[in-house]
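Visitor: Below you will find the structure I want to go over with you.
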Amino acid sequence: MEDRKESYLVKLAVARLEKIVNHADKTPYDNLVSLGNTYRNSWAGKAISEVPGVHKARDLFKKIGIDPTKRRPSSEALLRRGLKNKGYSSINLLVDIGNWCSLEFLLPVCVYDARSIAGTIDGRMGNQGEGYIAIDNNYLDLTSRFLICDQQGAIGSPIKDSMRTRVTEDTTEAIILIYAPGYLPDAELLSHLDTFIERIIAYCGGILIEKYLLSRKIKEY
């Protein structure tokens with residue numbers, strides 16, 4: 001049975017890597033496409049809620065006050081594109097690896113350019129009027145929504161990340177992050193993080209500087 005206290009937590013798996021090269025390599029994108037095809041071959045014509053693991057991101061969104069039927073977790077948006085054979089966009093190598101991992105884990109992930117981050121990152125609920133220009137160039141209001149922040153303010157969310165810390169082809173230092181509901185075992189989340197790290201090093205090179213888990217309370221219990 002789910003621990004009541006854990007039901008009010010968001011877990012974050014975080015790692016920092018340096019000396020990476022965000023060069024051109026289609027392999028992670030091809031793996032993303034292949035995984036989308038695998039989901040479609042197995043689950044086409046069935047309710048998306050039947051896909052094992054979809055509930056994790058949905059549970060996360062419900063706990064942080066977001067209706068997952070109105071604001072899709074980024075992982076579910078990737079899954080839906082695969083199931084409907086809508087294809088994927090290749091952004092750059094780091095982002096393609098992130099999308100591949102997100103679709104495999106069925107959890108929202110993000111990749112930040114570490115050089116654009118002021119100090120350390122953390123997770124919390126947004127203050128009144130807090131938000132940022134997102135990677136689609138639209139303003140994302142994060143009032144009373146869970147967000148990732150640095151010392152200058154909000155930089156990310158499980159919906160869309162900010163332009164300020166976006167990854168480009170020139171990114172050489174990255175912070176990666178996986179969102180999970182509080183009940184997900186630490187060992188499972190760390191395994192996902194290790195896979196994410198291994199894929200970045202395999203395709204982008206680089207060295208791991210640090211990795212850790214954070215648990216953040218989102219309401220009183």
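Values in this text are rule-based calculations from the coordinates and carry no lab data. No experiment lies behind these values; they were computed from the predicted model shown. Every residue, glycine among them, receives a Cβ derived from its backbone with ideal geometry; neighbour counts consider all protein chains shown.
Visitor: With r as the distance between the Cβ atoms of LYS19 and LEU214 and R0 = 25 Å, compute the FRET efficiency 1/(1 + (r/R0)^6) and round to 0.05.
Guide: With a Förster radius of 25 Å, E is 0.55.
Visitor: Could you calculate the contour length gain from ARG115 to SER89, that is, 0.36 nm times the residue separation minus the distance between their Cα atoms, to one decimal place in nm? Kindly include the intermediate steps, with their values, before the conclusion.
Guide: Values: separation 26, 0.36 × 26 = 9.36 nm, distance 2.49 nm.
So the extension gain works out to 6.9 nm.
Visitor: Here is a follow-up. Once phi is turned into θ = phi - 60°, what whole-Hz ³J(HN,Hα) does the Karplus curve with 6.51, -1.76 and 1.60 give for every residue of the range 180-193, x standing for Gly and Pro?
Guide: With coefficients 6.51, -1.76 and 1.60, one gets 8, x, x, 7, 5, x, 4, 4, 5, 5, 5, 5, 4, 4 Hz.
Visitor: List nothing, just return the count: lysine pairs in the range 6-217, 8 or more apart or interchain, with Cα separation under 13 Å.
Guide: Lysine pair count for the range 6-217: 6.
Visitor: Quick check for me: using +1 on Lys/Arg Cβ and -1 on Asp/Glu Cβ, what's the dipole size of the range 80-158 about its Cα centre, in debye to the nearest 20?
Guide: Details: 7 positive and 8 negative charges, 74 e Å.
It comes to approximately 360 debye.
Visitor: From the list (i) 19.3; (ii) 18.8; (iii) 17.6, can you say which value of Kirkwood radius over Cα pairs in Å was derived from the structure given?
Guide: (iii)
Visitor: Working out 0.36 nm times the residue gap between ASP141 and THR172, then minus their Cα-Cα distance, what length gain in nm do you get to one decimal? Walk me through the numbers before you get to the answer.
Guide: Numbers: separation 31, 0.36 × 31 = 11.16 nm, distance 2.93 nm.
Roughly 8.2 nm would be gained on extension.
Visitor: While we're here: Of ILE20, ILE117, TYR139, which is farthest along the charge dipole of the chain in the positive direction, counting Lys and Arg as +1 and Asp and Glu as -1 at C-beta?
Guide: The listed residue farthest towards the positive side: TYR139.
Visitor: Then there is this: For the range 203-209, what does the Karplus curve 6.51 cos²θ - 1.76 cosθ + 1.60, with θ = phi - 60°, yield as ³J(HN,Hα) per residue in whole Hz, taken in order and with x for Gly and Pro?
Guide: Per-residue couplings from phi come out as 9, 10, x, x, 10, 7, 8 Hz.
Visitor: Tell me, SER90, SER116 in order of fewest to most beta-carbon neighbours within 10 Å?
Guide: By the 10 Å Cβ count, ascending, the order reads SER90, SER116.
Visitor: Take the alpha-carbon centre of the range 131-145, take the same for the range 32-108, and report the distance between them in whole Å.
Guide: 21
Visitor: To the nearest 0.05, how large is the calculated FRET efficiency for ARG80 and ASN37 if R₀ is 22 Å and r is the Cβ-Cβ distance? Present the calculation step by step, with values, prior to reporting the outcome.
Guide: Numbers: r = 14 Å, r/R0 = 0.63.
The computed FRET efficiency comes out at 0.95.
Visitor: From the backbone phi of the range 114-125, what are the Karplus-calculated ³J(HN,Hα) couplings (6.51 cos²θ - 1.76 cosθ + 1.60, θ = phi - 60°) in whole Hz, Gly and Pro given as x?
Guide: Once rounded to whole Hz, the list reads 4, 5, 8, 9, 9, x, 8, 9, 8, x, 6, 7.
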